1. Answer with one residue from 111, 10, 317: the one whose Cα lies farthest towards the positive end of the charge dipole of the chain, charges on Cβ with Lys, Arg +1 and Asp, Glu -1.
2. Once both axes come from the Cα atoms, what is the angle between helix 166-175 and the longest principal axis of the chain, in degrees from 0 to 90, rounded to 10?
3. Using only the Cα atoms of the chain, build the gyration tensor, take square roots of its eigenvalues as a ≥ b ≥ c, and label the shape rounded, prolate or oblate: rounded if a/c is under 1.5, else prolate if a/b is larger than b/c, else oblate.
4. Taking the chain as a Gaussian network, Cα atoms linked when under 10 Å apart, which of 115, 259, 45 shows the biggest mean-square fluctuation?
5. Identify the GluC sites (Glu not before Pro) of the stretch 155-231 meeting these criteria: DSSP loop state and at most 15 other C-beta atoms within 10 Å of the C-beta.
6. Using the Karplus curve 6.51 cos²θ - 1.76 cosθ + 1.60 with θ = phi - 60°, work out ³J(HN,Hα) for each residue of the stretch 361-371 in order, rounded to whole Hz, and write x for Gly and Pro.
7. Relative contact order, percent, of the chain when contacts are C-alpha pairs under 8 Å separated by at least 6 residues?
8. Just how large is the dipole of the stretch 17-262 about the Cα centre, in debye to the nearest 20, putting +1 at every Lys and Arg Cβ and -1 at every Asp and Glu Cβ?
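None of the figures in this text is laboratory data; all of them are computed from the coordinates on show. This is a predicted model, so every value here is computed, not measured. Note that each Cβ is placed from the backbone with ideal geometry, even for glycine, and that neighbours are counted across all protein chains shown.
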Amino acid sequence: MQKPIYLDYNATTPTDPRVVAAMLPYFTDHFGNPANTLNAYGWSAENAVKKAAEQVAHLIGCKPAELTWNAGATEGNNSVIFGLIRKLKKENQKEPIHLITSNAEHWSVLNSFKAAEEFENIETTYIPTNADGIVTAPELKKHVRPNTRLVSLIWVNNEIGSINPVEELAAFCQAQKIYFHTDATQAVGKIAVNLQNSNIHFLTFSAHKFYGPKGVGILYMRGHNPAVEIEPFILGGGQQNGRRSGTLNVPAIVGAGFAASICEKEMLEDSRRTSELCAKLFSKLGEKIPTLQLNGPPLNHRSPINLSLIMPVSIDLVLPALAGLAFSQGSACHTGETSSSHVLAAIGRTVSEAQRTIRLSLGRWTTPSEIDEAVRLIFNAFQPFLTATAPIKKNDEPPYQNQKN
């Protein structure tokens, strides 16, 4: 059976064959435990982990020592939030703690904040985004309190592709002596991330979003001006300088590092190409479906791989006709119904609009011919619901700019 066209790169990316080849020896030949440096097997594994850290550090502009390996961004987000709470309570048990996030974050942040409220008696604020799904510095300033200790805001939104001005937000937090964390899972490997002169204190991401393996992620904690630390989230044998215990997944770490090295060389070209393909897909669909609307910012101000589109009718009505296409209706990291998408609600979309939203995301192996075939599949699926007399909009300006949020 022919595989569907894969337009769900926001959910996960295929592991690059070059990455798989780099990983394979560490399952069989170099299978040692990097924590045991009393033999050559352990040395080999330890050196491989160090090299991978250097490769990731080169990609995001930091020092290898500032990186901690974990199981993915969800663990990283939990680690930052609860590890910082533990640190602050350890320093001053009686001082009230206030945390800020937005109402359009990834569920691993939102649910961590809810748990912090319920189990840790932490004060939390969920600030609104604008109609493009972006948190502005003036909006953040409105909600800061004297006891605000952490601001956690996503860099690139996983559903609608909006890009927060994280450097500006982080600079504000630094000036206010507030910790700043960003979930950069949809940013790393797709847009420029350089932490060398950044005010970001904590940054989290997953390897499987940039053509690495699943089950491995990275937590960045700034090591200078000022250096930051949190209480460890996972306790055990004290691996990684006590920051995250447990035997390291060496093959996956090698894969993450090699995937990062490929992105460092190829990211600009990948992003340019996917941006052009996104524009082609949006334009061609707009010609055939006049009522098409774009969730989030215009094409030149969003993730280079993402299109979040409002279609004429509920996606559920046309699912059989879209069997040849792999896509998402919302976030692939949440098991709830798309009709209750918190991100779409945050930018003012109705339940009906959420039910009609399809998320298409492109990547390294998306081809122009696949875009043409995707347009054909989508148009054929929705054609029975289009009115014959509907005016055709020209696409010299995206429909988004004329819509009301």
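1. Of 111, 10, 317, it is 111.
2. 40
3. On the way: a/c = 2.17, a/b = 1.35, b/c = 1.61.
Judged from the Cα gyration tensor, the chain comes out oblate (a/c at least 1.5, b/c at or above a/b).
4. Most flexible of the set in this elastic network: 115.
5. Numbers: sites: 159, 167, 168, 229; in loops: 159, 229.
Here the sparse-neighbourhood loop sites are 229.
6. Going residue by residue, I get 9, 9, x, 4, 10, 6, 10, x, 5, 5, 5 Hz, with x marking Gly and Pro.
7. Numbers: 788 pairs, mean separation 91.4, N = 405.
This gives 23 percent for the chain.
8. Working: 21 positive and 20 negative charges, 68 e Å.
I would put it at about 320 debye.
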